[in-house]
Amino acid sequence: MALVEIQSPPRPENAAIRVNREDNVAVARVMLGEGQSVDLGDVVVKTRVVVPAGHKLALRAIAAGAAIVRYGNRIGVARRDIAAGEHVHTHNVEFSEAHPEYEFPQGEIAVPEAPAGGPSFQGYAREDGRVGTRNYIAVVAASNCAAHAAELIAASFAGHMLPANVDGVVAFPHGEGCGMSIGEDSRQLQRTLGGVLHHPNVSAAVILGLGCEVNQIDHYLGAGAKRSERLVGLTLQSSGGTRAAVEEARKEIDGMIERAAAEKRSQCPASKIVLGLNCGGSDAFSGITANPALGVCSDLLAAAGGAPVLAETTEIFGAEHLLVKRARNRAVAERLLGFVEKYRAYLRQFPSSGFDDNPSPGNKEGGLTNIVEKSLGAVAKAGSSPMMEVVDYAETVHGPGFVFMNTPGYDPVSLTGLAAGGANVIAFTTGRGSAIGFPTIPVIKIASNTPMYERMKDNMDVNAGRIADGEATVEGVGEEIFELLMRVASGERTSSERLGHHEFVPWRIGPVL
């Protein structure tokens, strides 16, 4: 059963949408004028004030202190008495952390086997058994001191006619790698950069350092590292400075391009797809349209033996109980809860911070009142299949089946973790029009509402807003996303690729020294 099940498909004449029959609020499909009648079949209510599109209205009187219910779950309590037909939002809803009873799994769910003769795509088969959906040469900075040189190296190939099989030479500059503690923080950076260097979408790579930073390139090249003839290491100090390092790297990359040009796509099963699931700039329609539709795609991929990967620990807060009861076993469930508690401890270091800081001004303008409401809609991206694995930030995803990765909700950092973990395609839902991508991974952008899609067609690949318009179903759009996923994995370009998005931001968790 999906986490989000709309009671009946919206029709163009419907003024509001109720997701669960237990809900005491509904979401305005369009702007509702004062005194407008809203008929949901078993309940008819007149609005007392103007209710913006995407915002909630009370379907019945709600007493002060009583629960506000959406998705069949409590999202907060009423600050005061709320009359039927009132606008329900931050002005009259108080954030109240619930403490649900966790339903831990009993026993063990078997690892699913990929079905024979299932869906397939055209990808680049790699020696380690993984499959690339793209074929890039990566230039990765080991530290901020090498970031500029990495960008110069990649830029020197801009405008050059590359072989058809080579998607480009791309830089991974960042501001980390030195002035950081040696321990958990440096290990996480090394895991992140290692995941980028040895990614299936990367044919070959250069790791570039200054020479004296905390994050030494020997970590990626020395004893115990993933040794590969596809990886070359250079430092500015040993090469003789920036210009000399650029020229040395160019000579190495010329050979890498020649080898990449000989690599061809071949037919590969959908089980080789690791699909990162992310959302950004969400609104109240995200949990009604784009997220549950992506959940349908996630279930189709999991059934084919692939690995949909839900991220953003800060955006499952208040909905983690729904994931716990889907866990493969108790150990998987407890690892998920461990990451939630670890994030609580992380936030406690900053007295003014908490989970409910997450909904941004744009989220709230789009109708999301607090983090619980946002999370209940966000987890719908993962569909309804069992949660087979839980991994830390940038840890390698093994699959098959639905996986959760511990990341922040901050989009560029979350996408970086998913990429480093091996996601070879990312699906990104948005209600406000978040513009983001990744240097080596195609990012599919899914709009939650039609007005935003029409304004930002250049940035969007799918309009899930048709669900709220009554022109499509959650299942139908989910199948469309899955079909698009197969085409993108085979080489079809996404909007983020056409626009040249190259966002890359590792997660810095420790102090700046």
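Of the helices (runs of 4 or more DSSP H) lying entirely inside the range 116-222, not one contains at least 1 residues that are on the phi > 0 side of the Ramachandran plot and among the hydrophobic types (A, V, I, L, M, F, W, C).
Given the structure, is Leu323 under 15 Å from the mean Cα position of the chain (by Cα) and either under 30 Å from Cys268 (Cβ atoms) or of a type outside the set (A, V, I, L, M, F, W, C) (or both)?
On the way: under 15 Å from the mean Cα position of the chain (by Cα): no; either under 30 Å from Cys268 (Cβ atoms) or of a type outside the set (A, V, I, L, M, F, W, C) (or both): yes.
Criteria not met by Leu323.
Can you find a residue in the range 102-112 that is in contact (Cβ under 8 Å) with a residue 60 or more places away in the chain, surrounded by 14 or more Cβ atoms within 10 Å (Cβ to Cβ) and among the aliphatic types (A, V, I, L, M)? Yes, the range 102-112 contains at least one residue that is in contact (Cβ under 8 Å) with a residue 60 or more places away in the chain, surrounded by 14 or more Cβ atoms within 10 Å (Cβ to Cβ) and among the aliphatic types (A, V, I, L, M).
Any residue in the range 486-513 that is on the phi > 0 side of the Ramachandran plot sitting within a Cβ distance under 9 Å of a residue that is surrounded by fewer than 17 Cβ atoms within 10 Å (Cβ to Cβ)? List the pairs, counting only those 6 or more apart or interchain. Between residues of the range 486-513 that are on the phi > 0 side of the Ramachandran plot and residues that are surrounded by fewer than 17 Cβ atoms within 10 Å (Cβ to Cβ), the close pairs are Gly491/Gln122.
Do we find that Ala293 is buried (at least 21 other Cβ atoms within 10 Å of the Cβ), of a type in the set (A, V, I, L, M) and within 27 Å of Leu57 (Cβ to Cβ) in this structure?
Working: buried (at least 21 other Cβ atoms within 10 Å of the Cβ): yes; of a type in the set (A, V, I, L, M): yes; within 27 Å of Leu57 (Cβ to Cβ): yes.
Answer is yes for this residue.
Could you run through the range 255-310 and say how many residues are closer than 28 Å to Lys374 by Cβ and either of a type in the set (D, E, K, R) or part of a helix (DSSP H, G or I) (or both)? The number of residues fulfilling the criteria is 15. Can you find a residue in the range 344-359 that is assigned to a helix (DSSP H, G or I), closer than 28 Å to Val474 by Cα and polar (S, T, N, Q)? No, because not a single residue in the range 344-359 is assigned to a helix (DSSP H, G or I), closer than 28 Å to Val474 by Cα and polar (S, T, N, Q).
Determine whether Gly233 is part of a strand (DSSP E or B), over 24 Å from Thr133 (Cβ atoms), in the same structural domain as Ala149 (by TED's automatic domain parsing) and among the small types (Gly, Ala, Ser). So Gly233 passes the test. Close contacts from the range 328-349, counting a first residue that is assigned by TED's automatic domain parsing to the domain that holds Ile371 and a second that is buried (at least 17 other Cβ atoms within 10 Å of the Cβ) and acidic (Asp, Glu), with Cβ to Cβ under 8 Å and a gap of 6+ residues or different chains, come to Arg328/Glu389; Val332/Glu389; Leu336/Glu320; Leu337/Glu320; Val340/Glu320. Please go through the range 124-148 and give me each residue that is farther than 19 Å from Pro442 by Cβ and not β-branched (Val, Ile, Thr), ordered by number. Residues satisfying the conditions are Glu127, Asp128, Gly129, Ala141, Ala142, Ser143, Asn144, Cys145, Ala146, Ala147, His148. I need the full set of residues from the range 115-135 which are over 18 Å from Ala489 (Cα atoms) and either at pLDDT 90 or above or under 27 Å from the mean Cα position of the chain (by Cα) (or both), in order please. Pro115, Glu127, Asp128, listed by residue number.
The values are calculated or read from the model by the stated rules, or taken from the named source; none is laboratory data. This one's a predicted model, so the numbers in the text were calculated from it and none came from an experiment. Neighbour counts run over all protein chains shown; Cβ positions are idealised from the backbone, glycine included.
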